[in-house]
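Student: Handing you a structure now.
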Amino acid sequence: MGMLVNPAKKTTQNKVGFKSNVDNDIPQPVSSVIAKFFFFFFIVITLGIFCFYVVSKRNLLRKLQHEINTATSNIDVELIKRRDTLLKLFDATKSAVKFEKSLLTSVTSLRSANKISQNNRSKIDSLSSSALGKLIATIENYPKLESIATINKLMGTSEYIENEIAANRRLYNALVLEFNKAIYVFPTNVIAVHMNLKSMPLLVASDEERKDVKLSIE
């Protein structure tokens with residue numbers, strides 16, 4: 001092992017104090033240009049990946065919101081079609097059919113519901129579904145109506161609309177499930193909080209809608 005002090009070298013002592021032959025110079029850290037380049041390159045790449053991730057997740061959540069709104073609008077369109085078809089079917093049969101008072105009340109309420117909004121969507125959906133079921137059940141008691149082409153056509157239209165409503169509901173619920181799952185999973189939930197997002201409700205069938213509704217006249 002080397003010696004820090006050279007014994008052959010004479011030390012001197014003056015009035016200031018003791019002086020040794022040890023090198024006490026503080027070395028300065030040295031970094032090459034290549035090391036600096038890779039360090040800053042790593043920082044830039046890391047920040048770039050982070051920003052890309054945040055932007056992509058924000059865009060995904062916005063996209064899901066847009067698709068959910070589109071699915072909701074499609075459901076509203078089909079509900080209006082169901083309402084219009086129901087009223088046409090009612091008008092086509094009212095001269096030959098005796099309806100219950102509850103059905104007449106429902107039809108009156110539906111006539112005044114020209115627009116669907118978030119406040120009345122559930123009410124119109126339940127009301128029109130219930131009224132359609134009662135109307136079809138009543139028509140089945142009048143076999144002579146089978147020969148009326150207009151009624152048969154309206155019944156076919158009603159069946160098509162119900163299938164469209166069911167398909168749009170399935171799409172809506174699938175999108176809402178994906179959206180709700182995303183905003184509760186880390187680290188996307190941090191972005192969701194920053195965007196002030198909240199979970200969205202699923203569409204659940206009412207008791208009337210769970211009943212089988214026959215949409216054809218045999």
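Student: Let me check something: with ligands and nucleic acids excluded, how do Y160, Y172 order by accessible area (1.4 Å probe), largest to smallest?
Tutor: The ordering from most to least exposed comes out as Y160, Y172.
Student: Leaving out ligands and nucleic acids, and using a 1.4 Å probe, what accessible area per residue does the range 106-200 come to in Å²?
Tutor: 59 Å²
Student: Percent of accessible area on the range 46-179 owned by carbon and sulfur, 1.4 Å probe?
Tutor: 56 percent
Student: At 1.4 Å probe size, put I26, I80, I151 in order of accessible surface, largest to smallest.
Tutor: Accessible-area ranking of I26, I80, I151, largest first: I26, I80, I151.
Student: Where the centroid of each part is defined by its Cα atoms, how far is the range 52-70 from the range 116-192 in Å?
Tutor: 26 Å
Student: So if each residue of separation counts as 0.36 nm, and I subtract the Cα-Cα distance between V55 and K198, what length gain in nm does that give?
Tutor: Residue separation times 0.36 nm, minus the Cα-Cα distance, leaves 49.6 nm.
Student: Assuming 0.36 nm per residue, please report the length gained on full extension of the stretch N69 to I148 beyond their Cα-Cα distance.
Tutor: Residue separation times 0.36 nm, minus the Cα-Cα distance, leaves 24.5 nm.
The values are calculated or read from the model by the stated rules, or taken from the named source; none is laboratory data. Owing to the predicted nature of the structure, the values given are computational and were not obtained by experimental measurement. Heavy atoms of the whole protein, side chains included, go into the accessibility calculation; ligands, DNA and RNA do not. Shrake-Rupley method; radii C 1.70, N 1.55, O 1.52, S 1.80 Å.
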